[in-house]
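Single-structure report; data block below.
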Amino acid sequence: MNSLPNVKLMTMRDGKPCAVQTGDLFANKSVVLFGLPGAFTPTCHYQHAPSISDDVENMLKEGVDLVAITAVNDVYVMDAWANELELSDKIVLLADGNGDFARSIGMMFLARELGLGERSRRYSMWIKDGIIQMLTVEPDFTLADVTSVHAMAQLIKTLQKSRL
Ligand code: BEZ
């Protein structure tokens, strides 16, 4: 079983920071979670987050209940980033400011040479009822190829067909 740890993350609701537990958020749902190295960093800002935003409605139509982005940034930075990019409000932004979630799932890396400290690897994850169904990690965190929203949608379709 690849069950996820129950960790506290922060999200902005109606302009107020709110704590959410991953155990509650991911329970009894099909969830697509994207781990990104950082708000406002080039690939995340110009490519990965906007493409997730463009595709979120399609994913929700295809039976995904929740699409979320997490990064090791604080909730205020995540919120400012979502506003700057005008990300769809259908995406749930999960601030992992202390890095507890990224660390607990083995997705933390050290970007000291860039002055960024501890960051989340770039990954895409499909979670069903709190259990990881699929995890794809980008070998080069400055790229968003195998972790793209299109790659994820294809993989989910393939996996669902193979389970029929
Ligand atoms: C990027 O998204 O392009 C990026 C992320 C972390 C460090 C450097 C670049």
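Just a few scattered comments:
- Per residue, the accessible area of region 8-116 comes to 48 Å², computed with a 1.4 Å probe over protein heavy atoms only.
- Which listed pairs, of Lys16/Lys90; Lys16/Lys157; Lys8/Lys157, have C-alpha distances above 28 Å, in listed order: Lys16/Lys157; Lys8/Lys157
- Cα-centred dipole magnitude for region 35-139, charges only on beta-carbon of K, R (+1) and D, E (-1), debye, nearest 20: 400
- Taking only Cα atoms of region 86-164, radius of gyration then Dmax in Å: 14.4, 47
- Using all pairs of distinct alpha-carbon atoms, the Kirkwood hydrodynamic radius of region 1-80 works out to 13.8 angstrom.
- Shape metrics for the chain, restricted to C-alpha atoms - Rg then Dmax, Å: 14.6, 47
- Nearest 10 degrees, 0 to 90: helix 149-162 Cα axis against the chain principal axis: 30
- Most simply put, the chain has about 70% antiparallel DSSP beta bridges, counting only bridges with both residues inside it.
- Per residue of the chain, the DSSP helices (runs of n ≥ 4 H) give a summed -39500 (n - 2.57) that works out to -8000 deg cm²/dmol at 222 nm.
- Taking every DSSP bridge with both residues inside region 1-96, close to 40 percent are antiparallel.
- The GluC sites (Glu not before Pro) of region 61-118 that meet both conditions, a loop assignment by DSSP and at most 14 other Cβ atoms within 10 Å of the site Cβ, are Glu62, Glu86.
- Residue range of the chain that is longest and free of trypsin sites (Lys or Arg not before Pro) which are both DSSP loop and sparsely packed (at most 14 other C-beta within 10 Å): 91-162
- Rounded percent of accessible protein surface that carbon and sulfur make up, the chain, 1.4 Å probe: 50
- Degrees between helix 75-85 axis and first principal axis of the chain (Cα, 0 to 90, nearest 10): 70
- Options Ile131, Met12, Met59, ranked by Cα towards positive dipole end of the chain, top entry (Cβ charges): Ile131
- The relative contact order of the chain comes to 28 percent, based on Cα pairs under 8 Å that sit 6 or more residues apart.
- Estimated FRET transfer efficiency (His45, Asp100; beta-carbon r; R0 22 Å; 0.05): 0.40
The values are calculated or read from the model by the stated rules, or taken from the named source; none is laboratory data. Note that this is a predicted model, so its numbers are computed, not measured. Note: ideal-geometry Cβ built from the backbone for every residue, glycine included; neighbour counts use all protein chains shown. For the accessible areas, the whole protein counts, side chains as well, though only heavy atoms, and no ligand, DNA or RNA atoms are used. Shrake-Rupley method; radii C 1.70, N 1.55, O 1.52, S 1.80 Å.
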